[in-house]
Amino acid sequence: MAVPFDQRADLIWFDGQFQPTSESKVSVLTHGLHYASCVFEGERAYGGTIYKITEHSERLRRSAGILDFDIPYSVAEIDAAKRLVLEKNNQKEAYVRAIAWRGSEQLGVSAQQNKIHLAIATWEWPSYFDPEQRLKGIRLDLAEYRRPDPATAPCLAKAAGLYMICTISKHRAERKGYADAMMLDWQGRVAECTGANIFFTRDGAIHTPIADCFLNGLTRQTVIALAKQQGMEVIESRIMPDDLPSYNECFIVGSAAEVTPISEIGPYKFRPGNISRALMDAYSNAVRLPAKAA
């Protein structure tokens, strides 16, 4: 049986101090738990080097600003803390979770004077999906919940509250035998998966939804750049569910998912092909280049 996350024998960086993970506690009256005033980042380390570490720290602070609070550490300080946690835990191939939230000084909708906390944890984590199945392409369900209108939620922040519908959708998909679910946006257009951006291919070109009501993921940006470096055309546009039968390949991307081919989205079938494989290889090489350089 896997060790529960809160009982791991490693260390967490918590407000500038190291604590054993098993002793790291947060009050049940914290504002971040009751009112979702919480932002986070999910990052990966390859060979002991965190990929795009500074970009993630910048986004963490940007997300906090969108939620109307300021993290009391600079980007450089957050970067240094993440590197130190990884070193203290002696982990090379790892996942890095930085999280910031409002504390428990005041429990009500308004909590402007609450202390802002920052914690950083790391743990060894293999491929997000089963490696053998990943090469064949994983299966996606169609989520019932949709990504909200940007006028109704802070969609461009990596905020904990926005993942509530993701957890519900992923659970429902897994109970039906799928690995994940694809979400539409509030207007019924293709948006993303529960924790990854999505791409399609047709006639040698790559198509992906415009990221204006969901995160323009750092992995998404990396994969677009890698595709263009290889001379592939990348088209960002509005994609409707009715367009899906016209595509050949499909794959999702994210810090956790990396580049993962898709074989099925509900009734729609895809065949992992040369473009998916080329970008899987290109991404694998790109994330390990910084580690080799270090």
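Every residue, every condition in (1) surrounded by fewer than 19 Cβ atoms within 10 Å (Cβ to Cβ); (2) over 22 Å from the mean Cα position of the chain (by Cα); (3) part of a loop (DSSP other than H, G, I, E, B), yes or no:
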| position | (1), (2), (3) |
| --- | --- |
| N90 | yes, yes, yes |
| V96 | no, no, no |
| W101 | no, no, no |
| L107 | yes, yes, yes |
| A121 | no, no, no |
| R146 | yes, no, no |
| P150 | yes, no, yes |
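Which strands (runs of 3 or more DSSP E) sit wholly inside region 1-77 and have at least 3 residues that are more than 18 Å from K115 (Cβ to Cβ) and of a type in the set (V, I, T)? Before the answer, list the steps.
Details: elements: 11-14, 17-20, 38-46.
Qualifying strands (runs of 3 or more DSSP E): none found.
Mind checking which residues of region 254-270 are open to solvent by 30 Å² or more (accessible area, probe 1.4 Å) and hydroxyl-bearing (S, T, Y)? Across region 254-270, the qualifying residue is only Y268. Taken over region 229-253, the criterion of being open to solvent by less than 10 Å² (accessible area, probe 1.4 Å) and under 23 Å from the mean Cα position of the chain (by Cα) is satisfied by I239, C250, F251, I252, V253. Residues that are of a type in the set (D, E, K, R) and over 25 Å from L60 (Cα atoms) within region 199-235 comprise R202, D203, K228, E233, listed in sequence order.
Of everything in region 174-193 that's more than 16 Å from F214 (Cβ to Cβ) and more than 18 Å from the chain's Cα centre (by Cα), which residue is most open to solvent (accessible area, probe 1.4 Å)? Spell out how you get there, then give the answer.
Narrowing region 174-193 to residues more than 16 Å from F214 (Cβ to Cβ): 174-179.
Checking which are more than 18 Å from the chain's Cα centre (by Cα) leaves us with 174-178.
Numbers: E174: 92, R175: 178, K176: 126, G177: 50, Y178: 41 Å².
Checking each candidate, the answer is R175.
Going by the structure shown, is Y163 outside any loop (DSSP other than H, G, I, E, B), of a type outside the set (V, I, T), open to solvent by 50 Å² or more (accessible area, probe 1.4 Å) and more than 20 Å from V39 (Cα to Cα)? So Y163 does not fit the description; no.
Filtered by the rule that a residue be within 12 Å of R147 (Cβ to Cβ) and in contact with a helix residue (DSSP H, G or I) (Cβ under 9 Å, 6 or more places away or on another chain), region 199-213 gives a lone residue, A211.
The values are calculated or read from the model by the stated rules, or taken from the named source; none is laboratory data. Here the structure is a predicted model, which is why all the values come from computation and not from measurement. Backbone-built Cβ (ideal geometry, glycine too); neighbour counts: all protein chains shown. These accessible areas exclude ligands, DNA and RNA; they are computed on the full protein's heavy atoms, side chains included. Shrake-Rupley method; radii C 1.70, N 1.55, O 1.52, S 1.80 Å.
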